[in-house]
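The values are calculated or read from the model by the stated rules, or taken from the named source; none is laboratory data. Everything quoted here is computed from the prediction, not taken from an experiment. For neighbour counting, all protein chains shown are included, and Cβ atoms are generated from backbone atoms with ideal geometry for every residue, glycine included.
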Amino acid sequence: MHITTWLDTLHSNHTGAVDTDLQALAGSSHCFLTDQQVSHQIECLSGHLGDMRPNLRQAVIAYTLYTRQIDRIQDTVSKDFCRDSCDRPPVGCCNASHCDIFTPSDYFLYQPSPLSLQLAQAIARLQKQEDAQGQAAGAVHRGQYCPYLTDRGCTLKLFKSPRCVHYLCQTLRTDLAGRYGAAGAGFATAMGETSNRVIASLADFTNPAVLATARDMLPA
């Protein structure tokens, strides 16, 4: 299902924070989205998540604006390659545990901050909601690998985990360097570093270097 279509299906009971969220988030740079896309996404998610505490709600929305930009980038640079040139789909990129943000050992080894735990829990809930819309649109789960993998690909667009949204296999990383030179290699490196990052705080969910290197790779 198209992201805009899914956003329009979200039930909105709490619109009182929309203006506040627009003021907090719409002014930031989102170079791979139009101003209209940014405003629409903030308005839809703010109304849907309006009963959350403001800092958590804005963290969720900011994360989705980031993941949507990566989805746009991958539409251009990787999805055709993965569909047409991968000889081992979906091994690796759709590992059964990639959609989970934390493992049980993470809680003890890395002691994530309270807000990062709350954001992870919110993303996990919204993954199920986004997946339900994909199923309603006719996607059929494969029953193996990741629970969100279907005959049409992944049902998640906005709520992929940080590991999923940043993952690039070595074959694709090599291809990006071949097609885009140093800029492609820089993007692949930033994606790989972020995919493997230990999440301890809110800042670990995203990486501005990913978008910066993508701008170098895909100049306007």
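Points worth noting:
- The condition (being in a loop (DSSP other than H, G, I, E, B), more than 15 Å from the chain's Cα centre (by Cα) and farther than 23 Å from residue 109 by Cβ) is satisfied by just one residue among 200, 139, 177, 185: 139.
- Hey, residue 189 polar (S, T, N, Q) and crowded, with 20+ Cβ neighbours inside 10 Å or not: no
- Check on residue 214, in contact (Cβ under 8 Å) with a residue 12 or more places away in the chain and either part of a helix (DSSP H, G or I) or closer than 27 Å to residue 120 by Cα (or both): yes
- Answer from 129, 111 - the residue that is out of contact with any helix residue (DSSP H, G or I) (no Cβ under 8 Å at 6 or more places or on another chain) and at positive phi: 111
- Residues located in the stretch 86-100, provided they are free of Cβ contacts under 8 Å to residues at least 60 places away in the same chain and within 22 Å of the chain's Cα centre (by Cα): 89, 90, 91, 95, 96, 97
- Per this entry, residue 53 is counted among residues that are of a type in the set (Lys, Arg) and over 15 Å from the mean Cα position of the chain (by Cα).
- Test: residue in the stretch 106-126 that is assigned to a strand (DSSP E or B), more than 15 Å from the chain's Cα centre (by Cα) and not basic (Lys, Arg): no
- Residue among 75, 71 that alone is surrounded by 12 or more Cβ atoms within 10 Å (Cβ to Cβ) and within 15 Å of the chain's Cα centre (by Cα): 71
- Identity of the residue in the stretch 145-174, among the aliphatic types (A, V, I, L, M) and part of a helix (DSSP H, G or I), that ends up surrounded by the most Cβ atoms within 10 Å (Cβ to Cβ): 165
- Close pairs from the stretch 168-182: first at pLDDT 95 or above and aromatic (Phe, Trp, Tyr), partner buried (at least 19 other Cβ atoms within 10 Å of the Cβ) and in a helix (DSSP H, G or I), Cβ under 7 Å, at least 6 apart: 180/217
- Screening the candidates 57, 88 for the property of being basic (Lys, Arg) and buried (at least 20 other Cβ atoms within 10 Å of the Cβ) yields one hit, 57.
- Checked against (1) free of Cβ contacts under 8 Å to residues at least 60 places away in the same chain; (2) surrounded by 15 or more Cβ atoms within 10 Å (Cβ to Cβ), residue 103 meets all criteria but (2).
- Which listed residue is more than 19 Å from residue 121 (Cβ to Cβ) and either outside any helix (DSSP H, G or I) or touching a residue at least 40 places away in the same chain (Cβ under 8 Å) (or both), from 83, 68: 68
- Selection status of residue 73, in a loop (DSSP other than H, G, I, E, B), touching a residue at least 12 places away in the same chain (Cβ under 8 Å) and either at positive phi or among the aliphatic types (A, V, I, L, M) (or both): no
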